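*Asks:* Got a structure for you, written out below as structure tokens; questions coming shortly.
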Amino acid sequence: MQDHDAAAEELPQELSQAGAVVAHAIKHMLGKNLSPIAVASALLGGSLGLLSHSMEPEAVLGVLENAMNSVRDGEFGDAGHPEAARPQA
């Protein structure tokens, strides 16, 4: 059981590190005057490609369903407002 606990503790650290790298990449791409929709589409496409290589199709669909529910529930705040996607300098 300790191996499971260690893996569970490591995952949030990995998510935090991956999130920081993605946030940096987003800031960099927006700084290159790429549109928020281009950045988001590229990130989504890359994410789906990565998921499809590491999960079964039904599991990927489950991830997408969870994401759709999060948007519907308003968990992303100003979703649908492109100006909200640009971080302030």
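*Asks:* Scan Ala7, Ala25 and give me the residue that is of a type outside the set (Val, Ile, Thr), assigned to a helix (DSSP H, G or I) and either touching a helix residue (DSSP H, G or I) at 6+ places or on another chain (Cβ under 6 Å) or at pLDDT 95 or above (or both).
*Replies:* Working: Ala7 fails: either touching a helix residue (DSSP H, G or I) at 6+ places or on another chain (Cβ under 6 Å) or at pLDDT 95 or above (or both).
None of the other options fit; the residue is Ala25.
*Asks:* Taking the stretch 28-45 only, how many residues are loosely packed, with under 13 Cβ neighbours inside 10 Å and not in a helix (DSSP H, G or I)?
*Replies:* 2
*Asks:* Among the listed residues Glu75, Glu56, which satisfies the condition of being acidic (Asp, Glu) and closer than 20 Å to Leu15 by Cα? Lay out the reasoning, then the answer.
*Replies:* On the way: Glu56 fails: closer than 20 Å to Leu15 by Cα.
So the residue among Glu75, Glu56 that is acidic (Asp, Glu) and closer than 20 Å to Leu15 by Cα is Glu75.
*Asks:* Using the structure shown, decide if Glu75 is in a loop (DSSP other than H, G, I, E, B), out of contact with any Cys (no Cβ under 8 Å at 6 or more places or on another chain) and surrounded by 10 or more Cβ atoms within 10 Å (Cβ to Cβ).
*Replies:* Numbers: in a loop (DSSP other than H, G, I, E, B): yes; out of contact with any Cys (no Cβ under 8 Å at 6 or more places or on another chain): yes; surrounded by 10 or more Cβ atoms within 10 Å (Cβ to Cβ): yes.
So Glu75 passes the test.
The values are calculated or read from the model by the stated rules, or taken from the named source; none is laboratory data. Being a predicted model, the structure only gives us computed values, none of them experimental. Please note: Cβ atoms are built from the backbone with ideal geometry, for glycine as well, and neighbour counts cover all protein chains shown.
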